[in-house]
Amino acid sequence: MRQQYRIGTVAALSFGVSLIALSANAFETSTPPVPPQFPAEGKITYVARDTILEFKALPNYSQPQWVVDKFEKTGKLPPLKDRLPEEPLVEKSANMIDGPGVYGDTMRHVIGGRPEGWNYTAGQSQGWGGIDIALSECLTRTAPLFQVDAKDTEPLPNLAKSWEWSADGHKLTMHLVKGAKWSDGVPFTADDVMFYWEDAVLDPNVSPLGGGASPEAFGEGTTLAKVDDYTVEWTFKSAFPKQYLYTMSYPSFCPGPAHILKPKHPKYSGNTYDQFKNAFPPEFMNMPVMGGWVPVEYRADDIVVLRRNPYYWKVDEKGQQLPYLNELHYKLSTWADRDVQAVAGSGDISNLEQPENFVASLKRAADANAPARLAFGPRLIGYSLQMNFSGNGWGNPDEREQAVRELNRNADFRKAVTSALDRKAIGDSLVKGPFTAIYPGGLSSGTSFYDRASTVYYPFDLKAAKDGLAKAGLKDTDGDGIVNFPAGTAGGKNVEVVMLVNNSYTTDKSLAEGVVGQMAKLGIRVVINALDSNQRDAAHYAGRFDWMVRRNSTELSSVVQNTDQLAPVGPRTSWNHRAPEGKPIDLMPFEKEMVDLVNRFIGTQDNAERADLMKQYQKIYTENLYTIGLTEYPGALIINKRFSNVPPGTPIFMFNWAEDAIMRERLWVSADKQGKYELYPEQLPGKPGDKGTVK
Ligand code: BQZ
Ligand code: CA
């Protein structure tokens, strides 16, 4: 029986965070205060990597009876065994806490994003909240590894069913699942992989969704070649860079349907890159996917409905084709509403990640007959203030923006900013209680690579901060409380910083307001530029920001996922320092050290050495303030009680989000508990571009 987190426990838990009193001289540092104890719940049962899934031919296969009766017997679909690979991906019962399931029902997501279109390959968002995760299958899969010891494991096979390294470790031969098909019946082959690599990753005019899939994400100078229809071969400069197997998972290597995309790509058509990116608007239904469900209906600002993919290439050990759930809903609302609907039971799943909703959600879920379970995981959600470090033109800065970038590159300025932040007040402004912790920046305290002793913390000290601004050459020359640029720089005007913020989250806006207020006391005017997710991401990747309040992504909560994003190892791998088109990246000395440490981390499999490299990395990162941490806290998974096979203790965010980690394709609802939520019962996706479903 899941231990319910009682509101009383929250009140009872004391969270005396005693800040070590520090002498007043400028920029004393210390290790960060010990964060308040927070008992993560739902203990994870650790398992061996090979107990989760394997590729294997089974003696026979089955599917929902209505698919047989209405689609196979009427000739609308070929027989199941012709729709499956020779060796399907088999999800093993040993890893199914409630065992193989039964067909039926729906999972109702609520999301705060909005679909731009279905061209994930060209960087279009489908609205987040697990929708792109459901549609896009990637070479490897890492999210379910939260239950495997991170030190002795590697990514799970997925579209790549197996791989082997050459003796010298510079070549990796990857065998693709053989005989799998897109949801429109067209075979999946190495041509899909090569199109993604050559015409998305390598093409500088195309940046796949998630902002991280640049060539250097897979190592400087790495190449990929097709060997045959089901084999590709990687060639790396370094030996045995096994780290890149993580980068071959979501979101960085999830190929799209080449037979649909290639004809629209500028290299093969008269299209512009914009026309290519927008060739599949949200209204274009039945976009072929490798995922378990296909978009069959889109109603703007209302809902996206997906129906099961009859060609899905994964089965359970009984040979039942997955998924068990026939339908997915994505109600187009707000992220805050997702929490409300999940605890109320009108939605089915949420990552409780906005502390403003913690207490109300806890109260509702604590009720004995609450429709949903709520369980907190480790402290892995973090927010950082990111400064644009580009001094040579990323984002085409004007004079003021350029002057701010020069300040961002000034260590005294960064130390002044971080010392002016009262992180205790910032955390408390989100939620009282033992949830938030003072977070100096860098690796999340919840990751196994975290080492507090290697973490440099600049405690709140407004006096030292003001001295630091003076040291950085900033004085309030016109006495209005805001320091001025030096004469001759940006007209000697007040220092104004434009800070990019994700308008879709209460928490992002709360933190931004906190920064504005605290910077005003320091003497810097911060102006908020709040944009919705899609516009925010576009501005971010284009370098159109001075500062940004940004929720951390997986490289800081797992280290081994998207490791390339830990430092500017390439011109487009860092979140806050990229090169403008056609120019080199202008790294500062400490950044060069971080790049070297990250490359050495990627190049070694020695666990002791990896741990040590991350300690060195953390020290350089936090001492030089690569980004400025704001706060960190645990997230909670809220999921409706009717679903079986939810792995206990699933973290909402580690190698990826919970929508991936819980492996939705194997969730099921016992017949007696199935809701009447299916909108298109006993119907399947139609042809690419057709409206709706087929009966
Ligand atoms: C989870 C996630 C699944 C993106 C997005 C959104 C985008 C970012 C980030 C999270 C949402 C939910 O996060 O907040 O709980 O469901 O979708 O993808 O914040 O704006 O660009 O990185 O994952
Ligand atoms: Ca002034």
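The values are calculated or read from the model by the stated rules, or taken from the named source; none is laboratory data. If you're wondering where the values come from, they're calculated on a predicted model, not measured in any experiment. In this analysis, Cβ positions are derived from the backbone assuming ideal geometry, glycine residues included, and neighbour counts consider all displayed protein chains. Quick note on the areas: whole protein, heavy atoms, side chains included, nothing else; ligands and nucleic acids left out. Shrake-Rupley method; radii C 1.70, N 1.55, O 1.52, S 1.80 Å.
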Taking the stretch 197-206 and keeping residues in a helix (DSSP H, G or I) and more than 18 Å from Thr173 (Cβ to Cβ) leaves Glu198, Asp199, Ala200, Val201
For strands (runs of 3 or more DSSP E) lying entirely in the stretch 66-183, having 2 or more residues that are open to solvent by less than 20 Å² (accessible area, probe 1.4 Å) and either within 16 Å of ligand 2 (Cβ to nearest atom) or modelled with pLDDT of 95 or more (or both) picks out 89-91, 106-111, 171-176
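For (1) closer than 29 Å to Phe38 by Cβ; (2) more than 16 Å from ligand 1 (Cβ to nearest atom); (3) open to solvent by less than 10 Å² (accessible area, probe 1.4 Å); (4) touching a residue at least 40 places away in the same chain (Cβ under 8 Å), each residue gets a yes or a no:
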position: Asp461; (1), (2), (3), (4): yes, yes, no, yes
position: Thr477; (1), (2), (3), (4): no, yes, no, no
position: Lys493; (1), (2), (3), (4): no, yes, no, yes
position: Leu522; (1), (2), (3), (4): no, yes, yes, yes
position: Ile528; (1), (2), (3), (4): no, yes, no, no
position: Asn534; (1), (2), (3), (4): no, no, no, yes
Residue set Pro204, Pro208; condition in contact with a Ser or Thr (Cβ under 6 Å, 6 or more places away or on another chain) and not β-branched (Val, Ile, Thr); output residue Pro208
Check: If you check Ser454 against the conditions, is it within 16 Å of ligand 1 (Cβ to nearest atom), over 19 Å from Arg405 (Cα atoms) and small (Gly, Ala, Ser)?
Finding: no
Of the residues in the stretch 495-520, those that are in contact with a Leu (Cβ under 7 Å, 6 or more places away or on another chain), open to solvent by less than 40 Å² (accessible area, probe 1.4 Å), part of a loop (DSSP other than H, G, I, E, B) and away from ligand 2 (no atom under 12 Å from the Cβ) number 0
> Is the stretch 671-692 home to any residue that is away from ligand 1 (no atom under 16 Å from the Cβ), crowded, with 20+ Cβ neighbours inside 10 Å and outside any loop (DSSP other than H, G, I, E, B)?
Replying inline: yes
Note to self: Condition check: open to solvent by 60 Å² or more (accessible area, probe 1.4 Å) and either away from ligand 2 (no atom under 16 Å from the Cβ) or at pLDDT below 95 (or both). Does Ala453 satisfy that?
What the structure shows: yes
Quiz item: Quick check: anything in the stretch 565-577 assigned to a helix (DSSP H, G or I) and either touching a residue at least 12 places away in the same chain (Cβ under 8 Å) or open to solvent by 10 Å² or more (accessible area, probe 1.4 Å) (or both)?
Solution: yes
Determine if the stretch 366-374 includes at least one residue that is open to solvent by 10 Å² or more (accessible area, probe 1.4 Å), in a helix (DSSP H, G or I) and touching a helix residue (DSSP H, G or I) at 6+ places or on another chain (Cβ under 7 Å). yes
On the given criteria, is Asn286 out of contact with any Phe, Trp or Tyr (no Cβ under 7 Å at 6 or more places or on another chain), open to solvent by less than 10 Å² (accessible area, probe 1.4 Å) and of a type outside the set (Lys, Arg)? yes
By residue number, the members of the stretch 463-475 that are within 12 Å of ligand 2 (Cβ to nearest atom) and open to solvent by less than 50 Å² (accessible area, probe 1.4 Å) are Leu469, Leu474
Across the stretch 335-354, the tally of residues that are open to solvent by less than 10 Å² (accessible area, probe 1.4 Å) and more than 13 Å from Ile652 (Cβ to Cβ) stands at 2
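Please verify whether the stretch 207-225 includes one or more residues that are more than 28 Å from Leu325 (Cα to Cα), assigned to a strand (DSSP E or B) and either touching a residue at least 60 places away in the same chain (Cβ under 8 Å) or open to solvent by 30 Å² or more (accessible area, probe 1.4 Å) (or both).
Yes: one or more hits.
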Lys415 fails exactly one of (1) more than 16 Å from ligand 2 (Cβ to nearest atom); (2) surrounded by fewer than 21 Cβ atoms within 10 Å (Cβ to Cβ); (3) of a type in the set (D, E, K, R); (4) assigned to a helix (DSSP H, G or I), namely (2)
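Condition first: within 16 Å of ligand 2 (Cβ to nearest atom) and part of a strand (DSSP E or B). Can you find one or more residues in the stretch 430-437 that meet it?
Among the residues of the stretch 430-437, not one is within 16 Å of ligand 2 (Cβ to nearest atom) and part of a strand (DSSP E or B), which makes the answer no.
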The condition of being in a loop (DSSP other than H, G, I, E, B) and of a type in the set (Lys, Arg) holds, among Lys267, Lys262, only for Lys267
Those residues of the stretch 539-553 which are open to solvent by 10 Å² or more (accessible area, probe 1.4 Å), assigned to a helix (DSSP H, G or I) and under 26 Å from Ala143 (Cβ atoms) amount to Tyr541
